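Structure first, then comments.
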Amino acid sequence: MSDDPRLNPDPDHEIDAHTGHREVDPVTGYDTTGHDWNGIRELNTPFPKVALWAMILTFAYSVIAWILLPAWPYGKDFTRGLLGLDQTEMAVEGYRALTADRSDWMAKFEAANFPALQADDMLMLPAMAAADRLFQDNCAACHGADGGGGPGFPVLNDDYWLWGGDPETIAETLHVGINATGADTRFGQMPAFDWMERGELGALADYVTALPQGNADADSEGGVLFAENCSACHAEGGIGGMENGAPALTDRAVIYGQDRASVLETLRRGRQGVMPAWSDRLTEAEINLLALYVANLTQDDVEGQQ
């Protein structure tokens with residue numbers, strides 16, 4: 001008898017009609033199917049029982065789910081299942097429960113008693129988490145996720161404010177907006193200085209560009225022009241702080257850029273940014289909550305730098 005298992009077929013198995021003997025894999029002892037892929041032969045192994053049971057259990061679960069849970073659509077409706085579960089109703093109920101829980105502490109923000117609110121640490125803890133979500137949904141698109149501002153939009157996490165950074169003032173700004181459509185909106189505009197001579201514009205731009213570096217010469221032609229035409233809004237030396245909508249020019253958070261080309265563009269064409277009024281979109285409590293959040297951005301930024 002040969003040592004080659006292919007030449008010693010098991011009498012209980014049929015002999016391959018094409019080869020005259022049953023072909024067996026010499027390593028595993030399993031029959032082969034006769035399929036060959038570039039020298040790789042397919043074994044005729046039994047179907048794994050674990051896979052078979054997995055298929056049986058999966059089918060059984062699907063049948064049970066069809067019976068108990070909403071499953072089959074028909075027309076504009078669907079089968080409800082014996083349990084009568086409805087994820088839409090469950091989601092609405094969860095939202096109502098969340099809203100009821102939120103309204104308990106949110107009601108305290110309807111009165112703009114900001115010192116008392118800030119002193120209540122147990123209240124401010126959940127409130128700031130909700131305020132962050134409000135900020136991301138309504139403010140971050142323009143002012144950045146961290147209040148860091150961007151081209152055309154002021155920074156909110158520094159100490160430089162156009163109208164004031166206390167919660168009361170911020171709440172008022174949120175209510176009425178800036179250059180918005182309401183009658184009570186805050187109004188701020190940088191006029192165009194296109195009436196100046198080209199040389200004067202260049203000298204003024206050079207002076208403004210030098211302000212953040214602290215080497216601007218107040219006695220230069222640009223310094224004299226600034227004192228005569230700009231200091232009424234931007235304060236002497238461009239330090240800002242007038243809270244009339246005119247930004248400080250001595251920091252690096254200038255809204256439209258502090259490079260010479262940007263300053264010249266501002267001088268030639270003027271600027272007029274717009275912030276919408278939020279009183280039609282947000283509730284009184286949400287506006288007060290956001291005002292506290294924005295006021296805290298400066299404090300958080302300072303603490304992060306220490």
note = Given Cβ charges of +1 for Lys and Arg and -1 for Asp and Glu, the option among ALA232, TRP195, THR283 whose Cα lies farthest towards the positive end of the dipole of region 192-297 is THR283
Share of carbon and sulfur in the accessible heavy-atom surface of region 198-269 [1.4 Å probe, %] = 48
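Assuming R0 = 30 Å, can you tell me the calculated FRET efficiency for the pair ALA218 and TRP195, based on Cβ-Cβ distance, to the nearest 0.05?
0.85
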note = Residue-normalised value, i.e. accessible area per residue, for region 192-306 at 1.4 Å probe, in Å², stands at 53
query = How much mean residue ellipticity at 222 nm does the chain get from its helices, if each DSSP H run of length 4 or more adds -39500 (n - 2.57) and you divide by all residues, to the nearest 500 deg cm²/dmol?
reply = -14000 deg cm²/dmol
ask   = For region 198-269, what relative contact order do you get, as a whole percent, if you take Cα pairs closer than 8 Å and at least 6 residues apart?
value = 30
ask   = According to the square roots a ≥ b ≥ c of the eigenvalues of the Cα gyration tensor, what is the shape class of region 198-269, taking rounded for a/c under 1.5, prolate for a/b larger than b/c otherwise, and oblate for the remainder?
value = rounded
inquiry  = Let's test this: bin the Cα-Cα distances of region 24-101 at 5 Å from zero up to the farthest pair and state each bin's percent.
reply    = 3, 11, 11, 10, 9, 9, 8, 7, 6, 7, 8, 5, 3, 2, 0
request  = Mind ranking TRP72, TRP163 by accessible surface for me, highest first, 1.4 Å probe?
outcome  = TRP72, TRP163
request  = Take every DSSP beta bridge whose two residues both sit in the chain, then give the antiparallel share in percent to the nearest 5.
outcome  = 90
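The values are calculated or read from the model by the stated rules, or taken from the named source; none is laboratory data. The structure presented is a predicted model; accordingly, all values stated were derived computationally and were not measured. Methodologically, a virtual Cβ is constructed for each residue, glycine included, from the backbone with ideal geometry; neighbour enumeration extends over all protein chains shown. In case anyone asks, the SASA skips ligands and DNA or RNA and just uses the protein heavy atoms, side chains included. Shrake-Rupley method; radii C 1.70, N 1.55, O 1.52, S 1.80 Å.
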